[in-house]
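Structure first, then comments.
The values are calculated or read from the model by the stated rules, or taken from the named source; none is laboratory data. Being a predicted model, the structure only gives us computed values, none of them experimental. Every residue, glycine as well, gets a Cβ built from its backbone with ideal geometry; the counts of neighbours run over all protein chains shown. Ligands, DNA and RNA are stripped out before the accessible areas are found, and what is left, the full protein with its side chains, is counted by its heavy atoms. Shrake-Rupley method; radii C 1.70, N 1.55, O 1.52, S 1.80 Å.
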Amino acid sequence: NAGVMQNPRHLVRRRGQEARLRCSPMKGHSHVYWYRQLPEEGLKFMVYLQKENIIDESGMPKERFSAEFPKEGPSILRIQQVVRGDSAAYFCASSSQGPGYGYTFGSGTRLTVV
Amino acid sequence: GENVEQHPSTLSVQEGDSAVIKCTYSDSASNYFPWYKQELGKRPQLIIDIRSNVGEKKDQRIAVTLNKTAKHFSLHITETQPEDSAVYFCAATLNTPLVFGKGTRLSVIA
């Protein structure tokens, strides 16, 4: 089992560009969570998805951020018109049983906005 | 919603000593409390978890205790080793995405 796969590991974008972060959950896991981590900060919840559905997006900024988890393919976190404050590590996690159970995290994507 | 506070933010111990990290949570209905370890530049990894119907759980050198009345839970690491150096995160939930504490940076000094 390859675990939770995230790519790219590192992403550099200029202000105003778009960033696309991909996450393939573990085999058999249909629940995907995205978290953002700033230096010396904890993991901040952004969005929770199941196949083709957004279940909870209460932690995701209303503007510029969107997420999807299509029937086929990885989950995508999309950030439009990136700003310096978007620089962070973005972690994806998956689980087989939904909230209330432990997650397996991916290795993260470190986004740097220059 | 749930709020999790974690203390201390940094902790240094001598190799072989014990380390204790404490967390408090706000939602008395929360029933699942995992702990994650994150080494520098790596992914967070689940190291132990406890549910609200259990007061204590142990796995070799690590243990977690839960006090539902006081709404706090703690991670105990005994006989610390240099490879225990990492950032540790607690979390809490009741059937919602995990809410994490801000983390504790543990340094084990050889």
Discussion item. Once ligands and nucleic acids are excluded and a 1.4 Å probe is used, how much of B:Arg51 is accessible, expressed in Å² to the nearest 10?
Written reply: 80 Å²
Discussion item. Taking every DSSP beta bridge with both residues inside the protein assembly as shown, roughly what % is antiparallel (nearest 5)?
Written reply: 90 percent
Discussion item. In whole percent, and with a 1.4 Å probe on the protein chains, what portion of the accessible area of chain A is carbon and sulfur?
Written reply: 45 percent
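Looking at chain A, what % of its DSSP beta bridges pair antiparallel, to the nearest 5?
Numbers: 34 of 38 bridges.
Beta bridges within chain A, antiparallel portion: roughly 90 percent.
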Item to complete: Return the distance in nm (one decimal) between the two label points of a simple spin-label model at B:Glu79 and B:Ser52, each offset 7 Å from Cα along Cα→Cβ.
Response: 3.5 nm
Item to complete: Would you tell me the accessible area of A:Ser95, worked out with a 1.4 angstrom probe on the heavy atoms of the protein chains, in Å² to the nearest 10?
Response: 0 Å²
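State the antiparallel share, in %, of DSSP beta bridges confined to chain B, rounding to the nearest 5. Spell out each step's value before the answer.
Working: 36 of 41 bridges.
Close to 90 percent.
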Item to complete: Could you order A:Leu49, B:Leu66 by accessible surface area, starting with the largest, using a probe radius of 1.4 Å?
Response: B:Leu66, A:Leu49
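Taking all pairs of different Cα atoms in the stretch A:52-98, averaging 1/r and flipping that mean, what Kirkwood radius in angstroms comes out? Mind showing how you got there, number by number?
Numbers: mean 1/r = 0.0804 Å⁻¹.
It is 12.4 Å.
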Fill in: Residues losing 50 Å² or more accessible surface upon assembly, the stretch B:68-110, compared with the chain by itself, 1.4 Å
B:Pro97, B:Leu98, B:Phe100, B:Lys102
Discussion item. Students sometimes get this wrong: rank A:Phe45, A:Phe105 by accessible area, probe 1.4 Å, all chains present, largest first.
Written reply: A:Phe45, A:Phe105
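Can you give me the convex hull volume of the Cα atoms of chain A, divided per residue and expressed in Å³? Numbers along the way, then the final one.
Details: hull volume 11.2 nm³, N = 114.
Enclosed volume per residue, from the Cα hull, is 98 Å³.
Using Cα-Cα distances under 8 Å and only pairs 6 or more residues apart, what relative contact order does chain B have, in percent? Can you show the working numbers first?
Values: 277 pairs, mean separation 41.0, N = 110.
Worked out over chain B, it gives 37 percent.
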Worksheet item: What whole-number value in cubic angstrom gives the convex hull volume per residue for the C-alpha atoms of the protein assembly as shown?
Response: 123 Å³
Worksheet item: Ignoring ligands, DNA and RNA, how much accessible area is buried between chains A and B, both sides summed, with a 1.4 Å probe, to the nearest 100 Å²?
Response: 1700 Å²
Fill in: Mean-position separation - Cα centroids, the stretch B:1-27 and the stretch A:35-114, in angstrom
25 Å
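Please list, by residue number, every one of the GluC sites (Glu not before Pro) in the stretch A:1-86 that is coil in DSSP and has at most 11 other beta-carbon atoms within 10 Å. Numbers along the way, then the final one.
Working: sites: A:Glu18, A:Glu40, A:Glu41, A:Glu52, A:Glu57, A:Glu63, A:Glu68, A:Glu72; in loops: A:Glu18, A:Glu40, A:Glu41, A:Glu52, A:Glu57, A:Glu63, A:Glu72.
For GluC sites (Glu not before Pro) across the stretch A:1-86 that sit outside H, G, I, E and B with at most 11 neighbouring Cβ atoms in 10 Å, the list reads A:Glu18, A:Glu40, A:Glu52, A:Glu63, A:Glu72.
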Item to complete: Counting only C-alpha contacts under 8 Å and six or more residues apart, can you give the relative contact order of chain A as a whole percent?
Response: 36 percent
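Share of Cα-Cα pairs in chain B beyond 19 Å, in percent? Before the final figure, lay out the partial values.
Values: 2346 of 5995 pairs.
Looking at chain B, the distances longer than 19 Å represent 39 percent of pairs.
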